[in-house]
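The values are calculated or read from the model by the stated rules, or taken from the named source; none is laboratory data. Every value quoted in this text rests on a predicted model; they were computed, and no experiment measured them. Positions of Cβ are generated from backbone atoms using ideal geometry, with glycine treated the same way; all protein chains shown enter the neighbour counts. Accessible surface is based on the protein model in full, side chains and every heavy atom, while ligands, DNA and RNA are left aside. Shrake-Rupley method; radii C 1.70, N 1.55, O 1.52, S 1.80 Å.
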Amino acid sequence: MNKPSAPLPGQTATPSVLGGTMIVAGTVIGAGMLTLPIIAAGMWTGWTLAVLVLSFFMMRASALMILRANLRYRPGASFDTVVRDTLGRGWNLLNGLSVGFVLYMLMYAYTSGGGATLQHSLGLPWPQGLVSLGFGVLLACCIFWSTRAVDRLSVILMAGMVLAFVVALSGMLPAFQWDRLLNPPTSTAPVDTLPEVAYLLATLPYFLTSFCFHASVPSLVKYYGPDQPRIARCIFYGLLIAALFYAVWILIGFGVLGRDGLQSVYAQGGNISHYLAAVESVQADAWLGPVVSIFAFLAVVTSFLGAGLGLFDYIADVCGFDDRLLGRVKTALVAFAPPVLAGTFFPDGFIMAIGFAGFAAAIWSVIIPALMDWKHARAVTQDQTRLLSFGTRAQCLLIGVVLVYGVLAAGFHLLSSDVLDILPVYR
């Protein structure tokens, strides 16, 4: 185990675990959690919690694999550099394409979800696509303006989101029914003839996406230095906080809307506005609808800003655009025009986009980290004494499990209703 590292130049003390935990939790928790009760309605309580726990441990394991790989380089080395040096240019190209695809799909999802939330909450008479366009352009301008603007705005929005989350849950509790969690009412729809576990497969990409923060691991190494135990604790606690948020949100959704209510939301298109309308129809308190809408809106905005800033920097780096005015204009057009226009013309693709993001995220946040760890473990096991050690065998077994998880999550998305339409979906 590594000893705690000395403070980096310019630092007076080693950063606290709390700060890193908040970085992880803040990156993970966002608009993606809004989809979880909807897509998990088929599995219902038991299998949903099982998938949640599985995703927590698998995504934590893959994050630690990135951490181990990154610690073999100086603090500040990018994920791109680590993948290229470890697996070669071919895998690095696939990694880059996957990261870019995930960011574009998330930006489209947040543009769509933000427009739907605004239109529903404010009762705007304009088409949802037009509202999404205005929403996307406004936030894109904030990102274009400066990173500092995004930083300060995100802190305020995160505080507001947590407060709205607590108030919204307290308002939904009077309509919550415990018996729905254990004995969900069933309808006469043909889909109910399938067992609950049948709906598990198609949900894996969504849960994977909801725990994805892995591009931030090199930033944590840069922030803490080569202090593996401290960074590992930040990852664990940050993901644990996110898992608890998700569990509460899902169970409250199950207990308030019931299985049929969530099925109806999915059938309408599964956008955030449909979920909000369903909650308002069950709980009639006049103040609840606006509070839940505020929480959903802030979740979308913080996610848009976080993913948008990452996409902006990614495009600037890939395309070689400088940070002067003309360069930033070029970067903004390449980064934001495609997803914002897609959200304008195809405004109800929130759930679909999250699923596609999960497919690509499985490649760069699970499969590639497992391959990097496997290559390093194989080099270590050239020594026969190390090959026979329990620790090395356990590590290789974990690598295999994580790799299978990533391949299955990506493969199941290809079989889902968004692509080949083979796997069952409760809708």
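The residue list Val155, Phe165, Ile252 was ranked by how far each Cα lies along the charge dipole of segment 152-279 toward its positive end, using unit charges on Cβ atoms, and Val155 comes out on top. Taking packing as the residue-averaged number of other Cβ atoms within 10 angstrom, the listed peptides 320-331, 207-218, 136-147, 48-59 run from highest to lowest as 207-218, 48-59, 136-147, 320-331. Ratio of Rg to Rh for segment 272-427: 1.11 [Cα atoms; Kirkwood radius as inverse mean 1/r over pairs].
For the chain, the longest principal axis of the alpha carbon atoms and the long axis of helix 390-414 meet at an angle near 40°. Derived scalar couplings between HN and Hα for segment 23-32 equal 4, 5, 4, x, 6, 6, 6, x, 5, x Hz in order, rounded to whole Hz, by the Karplus curve 6.51 cos²θ - 1.76 cosθ + 1.60 (θ = phi - 60°), x for Gly and Pro.
Only Cα pairs under 8 Å and 6+ residues apart enter the sum, and on that basis the relative contact order of the chain stands at 35 percent. The relative contact order of segment 148-260, computed from alpha carbon pairs under 8 Å that lie at least 6 residues apart in sequence, is 55 percent. Every pair of different Cα atoms in segment 86-201 enters the Kirkwood calculation, which places the hydrodynamic radius at 19.1 Å. Each residue of segment 319-326 was assigned a 3J(HN,Hα) from its phi angle through the Karplus curve 6.51 cos²θ - 1.76 cosθ + 1.60 (θ = phi - 60°); the sequence is 8, x, 7, 7, 9, 7, 4, 5 Hz, with glycine and proline shown as x.
Solvent exposure of Glu280, expressed as accessible area, is near 70 Å², computed with a probe of 1.4 Å over the protein chains only. Annotation for segment 225-255 versus segment 272-317: alpha-carbon center distance of 20 Å. Measuring nothing but protein heavy atoms, the accessible surface of the chain at 1.4 Å probe radius is 69 percent carbon and sulfur.
What accessible area per residue, rounded to a whole number of Å², is obtained for the chain using a probe radius of 1.4 Å? With the other protein chains kept in place, the chain gives 43 Å² per residue.
Applying the Karplus relation 6.51 cos²θ - 1.76 cosθ + 1.60 with θ = phi - 60° to segment 104-116 yields 3J(HN,Hα) values of 5, 5, 5, 4, 5, 4, 6, 5, 4, x, x, x, 5 Hz, where x marks Gly and Pro. Computed from the alpha carbon positions, the gyration tensor of segment 312-353 leads to an equivalent ellipsoid with semi-axes of 26, 10, 6 Å, biggest first.
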